[in-house]
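The values are calculated or read from the model by the stated rules, or taken from the named source; none is laboratory data. It should be emphasised that the depicted structure is a prediction, and the values quoted were computed from it without experimental measurement. In this analysis, Cβ positions are derived from the backbone assuming ideal geometry, glycine residues included, and neighbour counts consider all displayed protein chains. Side chains included, ligands, DNA and RNA excluded: accessible areas come from the protein's heavy atoms. Shrake-Rupley method; radii C 1.70, N 1.55, O 1.52, S 1.80 Å.
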Amino acid sequence: MATGQQIIDRDKSKGRSLMTEIEAKELLKQAGVSVVDTKLATSKEEAVSISKELGFPIVLKIASPDVVHKSDAGGVKLGLKTSRQVSKAYDDILKTIRQKYPEARIQGVSVQKMARPGVEVIIGMSQDAQFGPVIMFGLGGILVEVLKDVSFRIVPLTQRDAREMIREIKGYPLLEGYRGQEPVDIPNLEELILKVSNFVEQNHEVEELDLNPIFAYKDGAVAVDARVILKKDK
Ligand code: ADP
Ligand code: MG
């Protein structure tokens, strides 16, 4: 099995900076981050056989180092319940991407299980000109995009940092269980933040990282999308 460092070197040698979702998830899984099991299919038949192996419902996504925002590009199909739906979604995704982005290098389609719904949170890392790598935490979807309800800490994070950054977002009550919603496993989220911080500390090649979204549950959490951008060769 390739180590994290090997995966990064291999990608650098190809001269590209965006890892595909599958590669990013593999790398983060090795760092102890819980991710949805995701496999690459390079044909429709393979997409169907992987789907049967993983179990329905299934999600298909475009696997391309040139497509950063997969759903905006029409490259994500959720909740596929049968082999027939998987076949059709495979064709639809390829057709859409080839039409919209004729230049995009396409590796195939990623096949993964549809995760059960949870509270959507995100963990990210970006480079600050002054402080270097900083970790961001926030609630997913509209809360981040519109309200910018996020918190930041400088890498390396302490346990206390992780604790505080979860509690200081305005949406924190949603994590504690709001109006009959189940509370999420907050210690697990703290651990997840620290794992990401450790990963960043150990992989200086990583320029930017996004786990968006992570579904948080009363018992654990799982990242359904991962984006890793590597530093470009100087
Ligand atoms: P992108 O961010 O590149 O547009 P995502 O992989 O985040 O693509 O997929 C878009 C949305 O689809 C996610 O925000 C999430 O709500 C949903 N989604 C993606 N993968 C899964 C999955 N495995 N299970 C359930 N929902 C998913
Ligand atoms: Mg995403």
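Restricting the search to the stretch 164-184, which residues are touching a strand residue (DSSP E or B) at 6+ places or on another chain (Cβ under 7 Å) and open to solvent by 40 Å² or more (accessible area, probe 1.4 Å)?
Of the stretch 164-184, the ones touching a strand residue (DSSP E or B) at 6+ places or on another chain (Cβ under 7 Å) are 165-166, 168-169, 171, 174-175, 184.
Hits for the stretch 164-184 are Glu168, Leu174.
Do you know which of the residues in the stretch 22-38 that are away from ligand 2 (no atom under 16 Å from the Cβ) and out of contact with any Gly (no Cβ under 7 Å at 6 or more places or on another chain) is most open to solvent (accessible area, probe 1.4 Å)?
Lys29
Got at least one residue in the stretch 147-163 being modelled with pLDDT of 95 or more, within 15 Å of Glu120 (Cβ to Cβ) and buried (at least 18 other Cβ atoms within 10 Å of the Cβ)? Explain how you work it out, then say what you get.
Taking the stretch 147-163 as the starting set, the residues that turn out to be modelled with pLDDT of 95 or more are 151-163.
Within this subset, residues satisfying the condition of being within 15 Å of Glu120 (Cβ to Cβ) are none.
Scanning the stretch 147-163, I find no residue that is modelled with pLDDT of 95 or more, within 15 Å of Glu120 (Cβ to Cβ) and buried (at least 18 other Cβ atoms within 10 Å of the Cβ), so the answer is no.
Do you know which residues across the stretch 190-234 are more than 16 Å from ligand 1 (Cβ to nearest atom), farther than 19 Å from Ser126 by Cβ and buried (at least 16 other Cβ atoms within 10 Å of the Cβ)?
In the first step, residues of the stretch 190-234 are kept if they are more than 16 Å from ligand 1 (Cβ to nearest atom); the result is 190-207, 218-219, 230-234.
From the residues that got through so far, the ones that are farther than 19 Å from Ser126 by Cβ too are 190-191, 218-219, 233-234.
Across the stretch 190-234, the qualifying residues are Glu190, Glu191.
Would you pick out the residues in the stretch 97-116 that are open to solvent by 40 Å² or more (accessible area, probe 1.4 Å) and over 15 Å from the mean Cα position of the chain (by Cα)? Before the answer, list the steps.
Here is the first cut: in the stretch 97-116, the ones open to solvent by 40 Å² or more (accessible area, probe 1.4 Å) are 98-103, 105-107, 113-114, 116.
If the condition is that a residue be open to solvent by 40 Å² or more (accessible area, probe 1.4 Å) and over 15 Å from the mean Cα position of the chain (by Cα), then Arg98, Gln99, Lys100, Tyr101, Pro102, Glu103, Arg105, Ile106, Gln107, Arg116 are the ones that fit.
Among (1) out of contact with any strand residue (DSSP E or B) (no Cβ under 8 Å at 6 or more places or on another chain); (2) away from ligand 2 (no atom under 16 Å from the Cβ); (3) open to solvent by 60 Å² or more (accessible area, probe 1.4 Å), which single condition is Ser83 missing?
Checking Ser83 against (1) out of contact with any strand residue (DSSP E or B) (no Cβ under 8 Å at 6 or more places or on another chain); (2) away from ligand 2 (no atom under 16 Å from the Cβ); (3) open to solvent by 60 Å² or more (accessible area, probe 1.4 Å), the one that fails is (3).
Can you tell me which of Ala47, Ala41, Ala73 is within 16 Å of ligand 2 (Cβ to nearest atom) and open to solvent by less than 10 Å² (accessible area, probe 1.4 Å)?
From the options Ala47, Ala41, Ala73, the qualifying one is Ala73.
Among the numbered criteria (1) touching a residue at least 60 places away in the same chain (Cβ under 8 Å); (2) open to solvent by less than 70 Å² (accessible area, probe 1.4 Å); (3) within 16 Å of ligand 2 (Cβ to nearest atom), which single criterion is violated by Ile135?
Among (1) touching a residue at least 60 places away in the same chain (Cβ under 8 Å); (2) open to solvent by less than 70 Å² (accessible area, probe 1.4 Å); (3) within 16 Å of ligand 2 (Cβ to nearest atom), the lone unmet condition for Ile135 is (3).
Which of the numbered conditions does Ser126 fail, given that it passes all the others? Conditions: (1) at pLDDT 95 or above; (2) assigned to a loop (DSSP other than H, G, I, E, B); (3) open to solvent by 30 Å² or more (accessible area, probe 1.4 Å).
If we test Ser126 against (1) at pLDDT 95 or above; (2) assigned to a loop (DSSP other than H, G, I, E, B); (3) open to solvent by 30 Å² or more (accessible area, probe 1.4 Å), just (2) comes out false.
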